[in-house]
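The values are calculated or read from the model by the stated rules, or taken from the named source; none is laboratory data. Small disclaimer: the values here were computed from a predicted structure and weren't measured. No Cβ is skipped: glycine too gets one built from the backbone with ideal geometry, and neighbour counts run over all protein chains shown.
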């Protein structure tokens, strides 16, 4: 591992949190145990596998057995805790935001450590963040969150990934990682609690019209 690479424990923590959320959500949707297990593993590992394939490297989830083992155990844990998590919607949203934030940090960090350009690093950070959840939504017949109008999800991931990459050479690595996580969690929670919809193309058109009227 290079000095700038994301540490293994942080990567596994991201996988575990994501798989726990995936197991909990899938159990709420009435899936059997095998469905909870598969969905949790897919959510925990899907985004990272997408990132590694795009980077042209062997997916770390394939080369290191700790990844699948961690994802499987945490998926089952999420299924067992689903009822308790559902009783507190704030806790479930926080778990979702935390998983998304950690995936973005791990994805963008690995991409930048491999020497990609900043735009590619930003894109891969976002893909790592939303990839697993998108696959699980498709598996369970739900409209992927990234495609639905609603609170900031992919937009929050993109914002946080851009921040992480911008700070990559400016601050110590732990400061970059944890400040990015805090930023994304705050944006995600505020967008859910205050009903902020992610911007769309029509918003850009309205902004352009508004500016033209003030000239």
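Helices (runs of 4 or more DSSP H) fully within the range 19-115 that include at least 3 residues being crowded, with 16+ Cβ neighbours inside 10 Å: 33-55, 65-86, 89-113. Determine if the range 37-49 includes at least one residue that is over 17 Å from the mean Cα position of the chain (by Cα) and in contact (Cβ under 8 Å) with a residue 24 or more places away in the chain. For the range 37-49, residues over 17 Å from the mean Cα position of the chain (by Cα) and in contact (Cβ under 8 Å) with a residue 24 or more places away in the chain: present. Within the range 145-164, the set of residues being outside any helix (DSSP H, G or I) and within 18 Å of residue 94 (Cβ to Cβ) comprises 150, 151, 152, 153. Scanning the range 195-204 for any residue that is at positive phi, surrounded by fewer than 19 Cβ atoms within 10 Å (Cβ to Cβ), touching a residue at least 24 places away in the same chain (Cβ under 8 Å) and part of a loop (DSSP other than H, G, I, E, B) turns up at least one such residue.
Residue 133 falls short of the stated requirement of being within 21 Å of residue 7 (Cβ to Cβ) and crowded, with 19+ Cβ neighbours inside 10 Å. Listed conditions (1) outside any loop (DSSP other than H, G, I, E, B); (2) free of Cβ contacts under 8 Å to residues at least 60 places away in the same chain; (3) within 29 Å of residue 113 (Cβ to Cβ) are all met by residue 191, apart from (3). For the range 1-18, residues that are surrounded by fewer than 19 Cβ atoms within 10 Å (Cβ to Cβ) and within 19 Å of residue 69 (Cα to Cα) total 5.
Taken together, the criteria place residue 119 among residues that are more than 25 Å from residue 25 (Cβ to Cβ), at pLDDT 95 or above, exposed (fewer than 15 other Cβ atoms within 10 Å of the Cβ) and more than 16 Å from the chain's Cα centre (by Cα).
Does the range 136-145 contain at least one residue that is closer than 12 Å to residue 104 by Cα, buried (at least 24 other Cβ atoms within 10 Å of the Cβ) and touching a helix residue (DSSP H, G or I) at 6+ places or on another chain (Cβ under 7 Å)? Taking every residue of the range 136-145 in turn, none turns out to be closer than 12 Å to residue 104 by Cα, buried (at least 24 other Cβ atoms within 10 Å of the Cβ) and touching a helix residue (DSSP H, G or I) at 6+ places or on another chain (Cβ under 7 Å).
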